[in-house]
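What follows is a set of notes on a single structure, which appears directly below.
Please treat every number below as a calculation from the coordinates, not as lab data. The structure displayed is predicted, hence computed values, not measured ones. Glycine also receives a Cβ, built like all others from the backbone with ideal geometry; neighbour counts cover every protein chain displayed.
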Amino acid sequence: MAIFPDPEFADDHGLVSVGGDLAPARVLAAYRQGIFPWYDEGYPVLWWSPDPRAIFELDRFHVPKRLARTLATGRFTFTINQAFDRVIRGCAERQEGTWITGDMIVAYEKLRGLGHAHSVEAWRGDKLAGGIYGLALAGLFAGESMFTRIRDGSKAALVFLVDHLRQRGFCLFDIQMVTPLTAQFHPVEIPRQEYLRRLRRALKEAVTFED
């Protein structure tokens with residue numbers, strides 16, 4: 001198993017380590033220590049543990065009123081792990097740019113095959129409206145990225161995912177950092193030490209993303 005430096009020794013930007021590969025064992029070891037990979041094509045793998053860390057509190061997740069009205073119409077239907085490859089590639093092809101390199105796609109597809117990476121798909125009829133993917137380890141779900149092709153597609157998938165995580169007994173939904181999109185759902189930022197404390201507790205939970 002890969003050994004990373006203590007994330008408490010990360011630099012001021014949250015950088016913990018440089019180099020290595022994205023082998024499943026290394027990636028899983030990183031997440032268990034509160035570390036995740038994030039880098040650009042052509043650069044070595046960079047491993048991060050930012051302080052503060054952004055999370056969604058599952059019992060206080062905020063759904064904007066307009067989105068709630070949209071969801072109440074039944075406009076979207078949802079699936080789990082039915083189009084993981086399409087979701088991760090949709091995230092990688094966003095017009096605003098992405099950090100999801102070809103190697104990252106390969107790595108997370110391997111993790112999907114091992115039962116650790118998961119996707120939620122939002123559909124409008126037979127069209128993929130949007131989706132979100134991430135990594136599950138015991139009671140942790142680490143959200144990685146989401147994309148939209150039809151208005152509100154990714155947001156609808158996120159709301160469905162939060163409900164699913166609540167029902168399955170997850171206790172930690174890590175989103176790493178706040179973005180303009182996730183800010184609409186009222187995430188909170190907590191100190192790294194608090195995140196690591198919650199992570200240790202989450203990794204003791206006997207829950208699974210799917211049966």
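If I model a spin label as a point 7 Å beyond the Cα along the Cα-Cβ vector, how far apart are those points for Tyr43 and Asp12 in nm?
1.8
With a cut-off of 8 Å between alpha carbons and a minimum separation of six or more residues, what is the relative contact order of the stretch 33-136 in percent?
It comes to 25 percent, rounded to a whole number.
How high is the relative contact order of the stretch 7-48, in percent, counting Cα pairs under 8 Å that sit 6 or more residues apart? Intermediate results must be reported in sequence, preceding the final value.
Details: 47 pairs, mean separation 19.6, N = 42.
So the answer I get is 47 percent.
If you rank Met104, Met146 by fewest surrounding Cβ atoms within 10 Å, what's the result?
Ascending number of Cβ neighbours within 10 Å: Met104, Met146.
Taking 22 Å as R0, compute the FRET efficiency from the Cβ-Cβ separation of Arg89 and Leu114 and round it to 0.05. Write down the numbers at each step before the final one.
Working: r = 19 Å, r/R0 = 0.87.
Step by step, r from the Cβ atoms, then E = 0.70.
On a full-extension model of 0.36 nm per residue, what is the gain between Arg66 and Glu205, subtracting their alpha-carbon distance, rounded to one decimal in nm?
46.6 nm
Let me have the relative contact order for the stretch 102-211, percent, based on Cα pairs under 8 Å that are six or more residues apart.
25
What is the fewest-to-most order of Ser49, Ser17 by other Cβ atoms lying within 10 Å of their Cβ?
In order of increasing Cβ crowding within 10 Å: Ser17, Ser49.
Note the listed values (1) 51, 37, 28; (2) 49, 34, 33; (3) 53, 32, 31, then indicate which one is Cα extents along the principal axes in Å calculated from this particular structure.
Among (1) 51, 37, 28; (2) 49, 34, 33; (3) 53, 32, 31, the one calculated here is (2).
Please identify the longest segment of the chain free of exposed GluC sites (Glu not before Pro), where exposed means a DSSP state other than H, G, I, E or B and no more than 16 other Cβ atoms within 10 Å. Please list the in-between numbers first.
Numbers: sites that count: Glu41, Glu57, Glu93, Glu96, Glu205, Glu210.
Of all site-free stretches, the longest is 97-204.
Only counting other Cβ atoms within 10 Å, I'd like Asp59, Asp152, Asp6 sorted with the fewest neighbours first.
Values: Asp59 8, Asp152 21, Asp6 12.
The fewest-first ordering by Cβ neighbours comes to Asp59, Asp6, Asp152.
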